[in-house]
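Read the structure below first, then the notes.
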Amino acid sequence: MRSITLSIMLALITYVASAHELTPTYPEMKPSYVDGISVVNLLLFNRREDVQYYAIEVFDKDFNPIAFAASERIVKVNYLEKKSLEIYIKDSDKNDVTYICTHSKIVKGISTSFVASRVCSKVK
């Protein structure tokens, strides 16, 4: 029984280790082409075979959500593919933004995964 439990724990640890990537780790906000709006450019790389969809999230230092705009709030990224993300934030909110995160979305009936991952970049 003990060896079975240990085997399951090792399998889960190995499984969780394969998360997606969000770069750069410390992105900078830059002025966009629209007055009063800043933009953050990120790159999402999917290293998970079992997940194709990721939600974009923006938070303050206490992980309270902050309003943002993007061409898609849930993006599809196939296994071993990259996708560029542009996140637009009002200048009135930009000093509150601390984290921009992507959160894997498990699709019921399609995905074999039961482990979700969240990866965050900390805005400079």
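No value in this document is a laboratory result; all are computed from the given coordinates. These figures come from a predicted structure and were not determined experimentally. Don't worry about glycine lacking a Cβ; one is built from the backbone with ideal geometry, like all the others, and counts go over all protein chains shown.
Residue exposure proxy: R118, R48, R73, ordered by other Cβ atoms within 10 angstrom of their Cβ from fewest to most, comes out as R73, R118, R48.
About its Cα centre, region 19-122 has a charge dipole of approximately 320 debye under the convention of +1 per Lys or Arg Cβ and -1 per Asp or Glu Cβ, with nothing else charged.
Length gained on full extension, T23 to K83: 20.5 nm, using 0.36 nm per residue less the C-alpha separation. Relative contact order for region 19-122: 34 percent, from Cα pairs under 8 Å spaced at least 6 residues apart, divided by residue count. Using R0 = 30 Å, the C-beta based FRET efficiency linking A67 and V115 works out to 0.55. Listed cross-link partners K94/K122; K61/K94; K61/K82; K30/K83; K30/K105 are compared with a 22 Å cut-off, the Cα-Cα value being larger for K61/K82; K30/K105. Of the residues I56, I87, the one with the fewest other Cβ atoms within 10 Å heads the list, and the complete ranking is I56, I87. Applying both filters, DSSP loop and at most 14 other Cβ atoms within 10 Å, to the chymotrypsin sites (Phe, Trp or Tyr not before Pro) of region 28-124 gives Y33, F63, Y79, F114.
Hey, quick one: spin label on D60, modelled 7 Å out along Cα-Cβ, who in region 24-50 has an amide N within reach, i.e. under 20 Å? Residues 29, 37-40 qualify, since their backbone N sits under 20 Å from the label point.
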